[in-house]
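Worksheet: the structure to be examined is printed underneath.
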Amino acid sequence: MSQENKALFIIFGGTGDLAKRKLYPSLFRLFRKGMINKRFAVIGTARREWTNDYFRDVVIESIESLEPSAEEIAAFTSHFYYQSHNVNDTEEYKVLGELANQLDETYKLEGNRLFYLAMAPRFFGTISKHIKSEKIMTETGFSRLIIEKPFGTDYETAKQLNDEIAAVFNEDQIFRIDHYLGKEMIQNISAVRFGNNIFESLWNHQYIDNVQITLAEDLGVEERGGYYDQSGALKDMVQNHILQVVALLAMEPPTIFSEEAIRTEKINALKSIRVYTEDEVNQNFVRGQYAHGKLSGKEFVSYQEEPGVEENSQTETFVAGKLMIDNFRWAGVPFYIRTGKRLTEKGTRINIVFKSTPINVFREASDITTNLPENILTIYIQPTEGFSLSLNGKEIGDGFNIDPVKLDYRHSQENLDNSPEAYEKLILDCLKGDATNFTHWDEVANSWKIVDVVRQTWDKEEADIPTYSAASMGPKCAFDLLEKDNRHWIWHPDEWYKMHGFLKE
Ligand code: BG6
């Protein structure tokens, strides 16, 4: 049975960075696998005046690293068309609509359309409105909208944006991208939890002491200083990616692994996260900004020296926080989260820290006289992918010394190289109409409510934002946050660099 999907992709923002870096390569991978084949077409639109040929050259450049053959290039790019377009000009939508109809006929697409808005959210409303009024949405086939973050800048703006889109598209036609949900190991969270009774039966406040989620980046803001300075780590990473990971870890088991059931449970989990008062924000959330730093002889400038960043900017490039989930399963279990730019190492990982045994029966026989080390389940999201479980065993030899050991599984490099990229998976899901790995409006709304109060509290703060040295693992207050609970961050890549003299204490 052919797996070919039929659709016309209309990409608004077709000349942009995201389209070139992610969308065209993902479409090419789907093409190579036969998921899209003969019956698809792509219209790239943006303000610039480009010809089809020029557009196709840009597409070729964007897939270069995938080493396409000459035949593949010819076959793939022949499906690409360019239409310059001013999103505010109604007349131009008519031209776009005509081209869409014509391509629909040429490629026999049966009215299936996927509108990809890879541009600033302030245009989402007007584009959606025109797609409807100028009848670019079809009556036959499907019409789906894919939108990129940021979805609003707080709850109010997100709601306004959603109202504008919802006036045209039904919720089941809207696919809000959170690219973390396309990552292999994020999807694996559900497999680990609901496929293994040994974990799911322990997955609650009786057995879990705390959960730690780290989304660390070694890069700085690169060329995105202008955007980032307005956003900061809280809105860039916590409101979306981190809260999605929390929802997947915290949700109740769905009755069946379906879009509807998972969504319901994720929404419930997000609703159970405590929305703090301003006082509680000050107790439970910290932030920081990277200062100048040095790692392995390489020097990094401070955030404030990055291009596009305002002088004396107070924008946070690091956030750590403690979330509490007020339901039966999670009462009293802190979910510690942290994310930052210019940290020691790129790495996304989750540590599930189980409670220690109630008593250490080996306290007199072993070197470990206090509590035994906790069992920790680690889920490695990226760049390495896999799981590890730390256990306590007996050290080989005389006596009865307890020795922590680690059961470790990582996906092989070959598997990693061959596994589909997040965007590729998400575009395919959208073609199939499966919104499991996209964020529903209720998820977005609840996530904003959780972070809005944090933002508002910080906006009132008069003292300068704490700083951390580039290449460290964040400001001191991020370590204090756990220390005051008598806990510590499980993952500390900086220690290895310090031990080997690559990073100063
Ligand atoms: C994006 C943020 O959503 O995620 C970026 O806007 C960040 O600032 C990126 O760098 C991280 O994604 P990944 O897949 O590299 O972890």
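Readers should treat all values here as calculations from the given coordinates under stated rules, not as data from a laboratory. Model, not experiment: these values are computed from the prediction. With ideal geometry, Cβ positions are generated from the backbone for all residues, glycine too; neighbour counts draw on all protein chains shown.
How are the alpha carbon pair distances in the range 352-430 distributed across 5 Å bins from zero to the largest one, expressed in percent?
Values per bin, smallest distances first: 3, 13, 16, 15, 12, 10, 9, 7, 6, 5, 3, 1.
From the residues ILE127, LEU249, ALA191, which one has its Cα farthest along the dipole of the chain in the positive direction, the dipole being from +1 and -1 charges on Cβ of Lys/Arg and Asp/Glu about the Cα centre?
Positive-end residue among those listed: ALA191.
Quick check on packing: order 53-59, 376-382, 490-496 by the mean number of other C-beta atoms within 10 Å, highest mean leading.
Top to bottom by mean Cβ count within 10 Å: 376-382, 53-59, 490-496.
When the Kirkwood radius is taken over all Cα pairs of the range 236-300, what Stokes-Einstein diffusion coefficient follows at 20 °C and 1.002 mPa s, in µm²/s?
The diffusion coefficient I find is 144 µm²/s.
For the range 221-380, what ratio Rg/Rh do Cα atoms give with a Kirkwood hydrodynamic radius?
Ratio of gyration radius to Kirkwood radius: 1.06.
For the range 409-505, place one equal point scatterer on every Cα, skip the solvent, and apply the Debye formula. What is log10 of I(q)/I(0) at q = 0.14, 0.16, 0.24 Å⁻¹?
Log10 of I(q)/I(0), two decimals: -1.03, -1.08, -1.15.
Hey, what's the Kirkwood Rh for the range 18-87 if you take every pair of different alpha carbons, in angstrom?
Evaluated on the range 18-87, it is 12.3 Å.
Using just the C-alpha positions of the range 329-462 as equal point scatterers, what log10 of I(q)/I(0) does the Debye formula give at each q in 0.14 1/Å?
-1.02
Along each of its three principal axes, how wide is the spread of alpha-carbon positions in the range 385-434, in whole angstrom units, largest first?
Here the Cα extents, ordered largest to smallest, are 62, 23, 11 Å.
Provide Rg and Dmax in Å for the chain, with only Cα atoms included in the calculation.
24.6, 85
Defining a contact as two alpha carbons under 8 Å apart and six or more residues distant in sequence, what relative contact order in percent does the range 16-101 show?
RCO, the range 16-101: 37 percent.
Any idea what angle helix 52-62 forms with the longest principal axis of the chain, computed on alpha-carbon atoms, 0 to 90 degrees, nearest 10?
Once rounded, the angle reads 20 degrees.
Report, in degrees rounded to the nearest 10, the 0 to 90 angle that the Cα long axis of helix 90-107 makes with the longest principal axis of the chain.
90 degrees
So what is the orientation-averaged projected area of the range 44-170, using the convex hull of its C-alpha atoms, in nm²?
8.9 nm²
At a 10 angstrom cut-off on C-beta neighbours, averaged per residue, how do the peptides 362-374, 464-476 rank from highest to lowest?
464-476, 362-374
Count the DSSP beta bridges whose two residues both fall in the chain, then state the antiparallel fraction as a percent rounded to the nearest 5.
If we restrict to bridges inside the chain, about 55 percent are antiparallel.
Do the alpha carbons of any pairs in LYS294/LYS460; LYS38/LYS135; LYS135/LYS271 sit beyond 27 Å of each other, and which pairs?
Pairs exceeding 27 Å: LYS294/LYS460; LYS135/LYS271.
Using the reciprocal of the averaged 1/r over all distinct C-alpha pairs, how large is the Kirkwood radius of the range 161-224 in Å?
16.0 Å is the Kirkwood radius here.
Counting pairs of alpha carbon atoms under 8 Å apart in space and at least six apart in sequence, what relative contact order in percent does the chain give?
Relative contact order of the chain: 17 percent.
Dipole magnitude of the chain about its Cα centre, charges +1 at Lys/Arg Cβ and -1 at Asp/Glu Cβ only, in debye to the nearest 20?
Dipole of the chain, to the nearest 20 debye: 700 debye.
Extent of the range 120-209 along each principal axis, from alpha carbon coordinates, in Å, largest to smallest?
56, 33, 18
What is the magnitude of the charge dipole of the range 124-274 about its Cα centre, with +1 placed on the Cβ of each Lys and Arg, -1 on the Cβ of each Asp and Glu, and no other charges, expressed in debye to the nearest 20?
300 debye
Using Cα atoms only, what is the angle between the long axis of helix 422-432 and the major principal axis of the chain, expressed in degrees (0 to 90) to the nearest 10?
The angle comes out at about 50 degrees.
Work out from phi, with θ = phi - 60° and the Karplus expression 6.51 cos²θ - 1.76 cosθ + 1.60, the ³J(HN,Hα) of each residue of the range 131-139, listed in order in whole Hz, and give x for Gly and Pro.
My calculation for the range 131-139 gives 4, 7, 4, 9, 6, 7, 6, 9, 8 Hz in order.
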